[in-house]
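A quick write-up on the structure given underneath.
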Amino acid sequence: LFTRSSLEKNPSAENPDMLYDGGEDELVGADADMSSEEEEDGYDERKRQKLLEAISALGGKRKKTLGERSEAAVQMSEFTVNAEGEGDKIELSDLIGSMAKTPGLSGKTKKRLKNMEHSRKAIDCPLSKQESERIQRDLAFQKVSKEVSHWNSVITQNQRAEQLVFPLNQGPSGPQPMERVVVGWKAQTPLEQEVFSLLSANKQPINDPILTPTEEASMKAMSLEEAKIRRAELQKARALQSYYEAKARRQRKIKSKKYHKVQNKAKRKDFLKQFDEMVKKDPAAALEELNKMELARMQERMSLKHQNSGKWAKSKAIMAKYDEEARTAIQQQLEVNKNLTQKVVTSLNNEEEEEEEERPGDAEVLPDFVNDAEQGLDFSNPWLSGTLSQDPAEETSDAVTVTVSAEENVAEEEEVEETEEEALLREFDSRRKLRQAQEAETAAAIPVVVVVEEEEEDDDNDASDKEATGLLRGLAEGCGEADQAADTDTSAQLEEGLRIRDVEDVELLTQEEVELEEETTDKAPVKLQHPPATESFQNAGKTRKVKKGIELKQVLTKDTQAIQVPFTPTVEDTEDAAGKLDQRGLIKEAFAGDDIISDFLKDKKKQEDAGKAKVVDLTLPGWGEWGGGGLKPSRRKCRRFRIKTAPPPPRKDQHLPGVIISEKRNSSISLHQVNTLPFPFESPSTFENTIRSPLGRTWNTECTVKKVTKPKVVTRLGAIIKPMTREELVKDRKQAGNSRLQELKLVK
Amino acid sequence: RYQMKVKVLSRNPDDYVRETKLDIQRVPRNYDPSLHPFEVSREYTRALNATKLERVFAKPFVASLDGHRDGVNCMAKHTESLSTLLSGSCDGEVKVWNLSKHECVRTLQAHEGFVRGMVVRFCGTSFFTVGDDKTIKQWKMESPGYGEEEEPLNTILGKTVYTGLDHHQNDPVFATCGQQVDIWDEQRSSPIRSFTWGVDSFSSVRFNPVETELLASCASDRSIVLYDMRESTPLKKVIMSMRSNTLCWNPMEAYYFTCANEDYNLYTYDMRYLTSPIIVHMDHVSAVLDVDYAPTGKEFVSASFDKTLRIFAKDSGHSRSVYHTKRMQHVICIKWSADNKYILSGSDEMNIRLWKANAAEKLGVLAPREREAASYSQKLKEKFQHHPQIRRIARHRHLPKNIYHQTKELRIMKEARRRKERNLRKHSKPGSVPMVSEKEKHVVTVVK
């Protein structure tokens, strides 16, 4: 299209070679000829043109001159340039007139051109340059915009993505293998070169750094099979060693003296044999061994172990008069002593034996109370006051509060010395009885307390079994006495104990109740305290619970937990009580001046009253009737104009005795509140939902927090983020294709 | 009678000791919401504090690079090295800067008169400059060795002044603009293609970094013209009510570009639909001279004649932040660093300034806990952004007096115009004064 239009427009000058098919060489020659001719022609033409202009100027008709651009520009507009001979009409014959002159033209072409001349049909007028360009542009733009639209999916995906990590096409994180780093890198600086030369000199890897030559060599040295065998051997050796160790440990723990005697004898024999051999083979080593023995003997002697000054020796000495064995034992001891005082090598054996015998005996004799902390050392530390070995007795109910006599304590201490098996047996035996007795008693006496204890039991899983069983045993003994004690105790005492216990337990449940109870106890310390009216409902529930609690099954399956240790009155206990009182006293003292509760109630009453319906008097004295001093408005009027305001809606706190809810708008808060619905949200509820769900780790698990607080854009420090490349598009297409495939599969 | 209650603590190591050293330390925690009440109010307080702290820590200015003896007219980022920046000044001098040391590494007299445009080749080994002396010069990135003279690798003598320059993303092809847009092969001394569309001069040309064959240019006849390097003709042209100075393509989204206009606004266009911009970014109070996108494509920064630079989110009409200093004059060129952390501005008073892209961000390596805390507070700020107090604090910026008053004035003017239009509409035949949206107002025509 383009070529044709240009051809039509200025057919004279521009592209003759488009017209002629062949014979370029000749054409060039012809051009050269023509140019010289044209120059002369042009000169004449210009003259003629001038003349014509002068003539036309004479005629007074001014030719319209197109404005020229005065600015310097490389390319001038096509509108301001007028070609010469513009208005002339051009015939086809003008164009192909030179055809006859050119000999090289083929006959075929000539014929075709002639035919063209004959046919007078006009070709369609070509589009103007502007229009054709416009069409081109339009087409090109459509093509480009279509091409660009391929990015749609990628872009929307990125816009919606919860997190974008830049740079986009990152390799796998973490250290890269050496090969990848080294490829395309050369030692440049002198330092690098030096390092490389060193590496290559020492057979260190440069290009393939997975294994150094030495490593490879070591790999070759042992095959996999060998390695496996060796590993198995090592394993076996280790196992044997552990068996041996276990055996040795077991043997060491054997308490039988006879066994050790035999063992020692065998050892001694072995040692003697070895020593004899050593004397023959290696006298120097034997001498050393001898020295060692001497040293051991000296040490033994210095320890003064085998003299008759020890406790054991003294007791034996007393017994020696009557007991044959004791006498021999002392004899032996003395003998050992003699041997030790002499510098004789052979005495060693006896010593060792003695020693071996002594050791386990010592361990056995060691009494339990050695482990106990000394009583009365530190009174402020409650942990040091109790004895560990002593089994603490307990009392589970307040009705059975027992003052434990000194005799009982003694009995208990004796019990301690009983073996564990016995203790266990006793425990099982007594458990049931004790339980039954205890439950029956407590249930009869004060139901509330028992329930509380049962609840405590559920909580207190910490108490170890041993302690629990010990406690039980203690109780089983004290049981009989407890009954008597209960009889003998004055009722006042019982009630007091009951009350204290009661208060303590209820304290755990509610704070208010405690306060109330305290008030009552302050007023009447001895009087049996009746629970306040508000408590009655709860008490009913408790009694119901109690009935449940008495069921045998439950009683038997439950352990006791509330550990109450009957103590002789100690300092720390009183201190504890004092501490409690202190706390309360402190609070009381702090708020001595003001009565908070009554203040609060007054406050609330005031607020309630303020909100109540009021009667408003709107009468205007003197309106419509006589007015003045001493005159009252008529009763009718009063009745008519006294208006009762509508009652306010019920208060939100009317059923909440301890709360005042103010429904007034608080301006200081409204300053922080959102007053219009923000843009992307469509309803207040959705907005509120987004606000309601917390993000922080105070309310969420670590994983959730991480997920929720993921930043939208993540960039790596110091990494250049390159623009997106076409590969992303390809990737995206592939993904889309895959997902489509999967969908298809799913459908199938 | 004395009784003692003994409560026994049980500490089972299984509950708090981790199995291996690599495990996370186990912190027993009860997430029962009744134990942690008032979550909204507590988080609100945290968000408020975070917002306040952000404002407290917002110190964006990092450094100033001085050394030019005339206004900085153009800058170029190095494509491979983050710490290298090139700048050209109005006296034809080009300086290469080391950003981490804040010092000039190399100075060369590239042109006589202005250095109009500068771009680093994609491989980072050389760079091109164009100047008022009608030449295009290619320079080596490395400074010449001892005794060597500073000489360009290539010099192309043109017929006209070149006003802008850009390089293809990954081919040895670059484009210049002046009286026409030329596409050059690096190996040839004449352009391989020239685009004209009417007679006018172009102020800038930019290659699309994603669809690398596309270009766009800003012309002095208030138009933005799109080109395809493969076609012989331009693609389309949109004429706006005022001239655009420069434009920048979004590096992550192939068909979006933003142009900086003389009418104080920036316009983001979708190149497929030029009839109206997608978003009009307002806030500047004078002509916008330059714009550059963040490498993440989420934000862009603009430099203005009003001596400030502003950072816009790509989809918001108003700026998120404004940077200015007392001594900074008209900001002529701006760049966003390739690691998305810094902004560089070159201004009339011969200085290049280095800013943080996020004013309150802590620079350098963050400990994991720091990072977590930062992202948590960021999310909190986002969550409570609509609450009036938080919004007020987050939006508060100190502005120089004249800009503040000018903004106010512009607002009043705008309101007055709006009122007038409203009145006109009210008192004329219904439908005769159509509503024209802000976006459509600024586009005159789209020429196919």
In region B:35-59, which residues are among the β-branched types (Val, Ile, Thr) and exposed (fewer than 12 other Cβ atoms within 10 Å of the Cβ)?
B:VAL56
From the residues in region B:379-424 that are assigned to a helix (DSSP H, G or I), within 15 Å of B:LYS52 (Cβ to Cβ) and free of Cβ contacts under 8 Å to residues at least 12 places away in the same chain, which one is nearest to the other protein chains (Cβ to nearest Cβ)?
B:PRO388
Say we look at region A:254-272 and pick out the residues that are under 58 Å from the mean Cα position of the chain (by Cα) and touching a residue at least 40 places away in the same chain (Cβ under 8 Å); which of these is surrounded by the most Cβ atoms within 10 Å (Cβ to Cβ)?
A:HIS260
Checked region B:34-44 for anything part of a helix (DSSP H, G or I) and farther than 15 Å from B:ALA373 by Cα; matches are B:GLU39, B:VAL40, B:SER41, B:ARG42, B:TYR44
Any residue at all in region B:269-280 that is in contact (Cβ under 8 Å) with a residue 60 or more places away in the chain, farther than 24 Å from A:SER149 by Cα and assigned to a loop (DSSP other than H, G, I, E, B)?
no
Mind counting the residues in region B:308-325 that are of a type outside the set (Phe, Trp, Tyr) and touching a residue at least 60 places away in the same chain (Cβ under 8 Å)?
6
What are the pairs with Cβ atoms under 7 angstrom where one residue, in region A:721-739, is in contact (Cβ under 8 Å) with a residue 60 or more places away in the chain and the other, located anywhere, is in a helix (DSSP H, G or I) and of a type in the set (Phe, Trp, Tyr)? Sequence gap at least six, or different chains.
A:LEU729/A:TRP151
In this structure, does A:TYR244 turn out to be within 60 Å of the chain's Cα centre (by Cα) and surrounded by 11 or more Cβ atoms within 10 Å (Cβ to Cβ)?
no
In this structure, is A:SER693 under 30 Å from A:LYS606 (Cα atoms) and within 14 Å of chain B (Cβ to nearest Cβ)?
no
Which residues, taken from region B:216-242, are in contact with a strand residue (DSSP E or B) (Cβ under 7 Å, 6 or more places away or on another chain) and basic (Lys, Arg)?
B:ARG222, B:LYS236, B:LYS237
Filtered residue count, region A:618-646, keeping only those that are touching a Lys or Arg at 6+ places or on another chain (Cβ under 6 Å) and exposed (fewer than 11 other Cβ atoms within 10 Å of the Cβ):
1
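For every residue, the table says whether it meets (1) more than 14 Å from chain A (Cβ to nearest Cβ); (2) touching a residue at least 24 places away in the same chain (Cβ under 8 Å).
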site	(1), (2)
B:ARG121	yes, yes
B:THR125	yes, no
B:VAL161	no, yes
B:ASN170	no, yes
Sole residue being surrounded by fewer than 23 Cβ atoms within 10 Å (Cβ to Cβ), in contact with a Lys or Arg (Cβ under 9 Å, 6 or more places away or on another chain) and of a type in the set (S, T, N, Q), chosen from B:SER304, B:SER345, B:SER316, B:SER276
B:SER276
Is it the case, given these coordinates, that B:VAL199 is within 9 Å of another protein chain (Cβ to nearest Cβ) and closer than 16 Å to B:GLN180 by Cβ?
yes
Counting only residues that are surrounded by 10 or more Cβ atoms within 10 Å (Cβ to Cβ), hydrophobic (A, V, I, L, M, F, W, C) and at the interface with chain A (Cβ under 10 Å from one of its Cβ atoms), region B:1-34 contains a total of 3
Mind listing just one residue for me: the one in region A:713-728 that is within 16 Å of B:ALA357 (Cα to Cα) and more than 7 Å from every other protein chain (Cβ to nearest Cβ) and, of those, modelled with the highest pLDDT?
A:VAL714
Residue identified as within 21 Å of B:LEU309 (Cα to Cα), more than 10 Å from chain A (Cβ to nearest Cβ) and part of a loop (DSSP other than H, G, I, E, B) among B:ALA338, B:ALA359:
B:ALA359
Checking the conditions here, which among B:GLU262, B:GLU299 is farther than 28 Å from A:THR715 by Cα, in contact (Cβ under 8 Å) with a residue 12 or more places away in the chain and charged (D, E, K, R)?
B:GLU262
Out of the residues in region A:281-335 meeting the condition of being surrounded by 13 or more Cβ atoms within 10 Å (Cβ to Cβ) and polar (S, T, N, Q), tell me which one is farthest from A:PHE271 (Cα to Cα).
A:ASN308
Quick one: A:ALA83 ticks every box in (1) loosely packed, with under 14 Cβ neighbours inside 10 Å; (2) at pLDDT 75 or above except a single one, so which number is it?
(2)
Could you list, in sequence order, the residues of region A:662-713 that are touching a residue at least 60 places away in the same chain (Cβ under 8 Å) and surrounded by fewer than 14 Cβ atoms within 10 Å (Cβ to Cβ)?
A:LYS710
Looking at this structure, is A:GLU147 at pLDDT 85 or above, surrounded by 11 or more Cβ atoms within 10 Å (Cβ to Cβ) and either within 14 Å of chain B (Cβ to nearest Cβ) or outside any loop (DSSP other than H, G, I, E, B) (or both)?
yes
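The values are calculated or read from the model by the stated rules, or taken from the named source; none is laboratory data. No experiment lies behind these values; they were computed from the predicted model shown. Neighbour counts run over all protein chains shown; Cβ positions are idealised from the backbone, glycine included.
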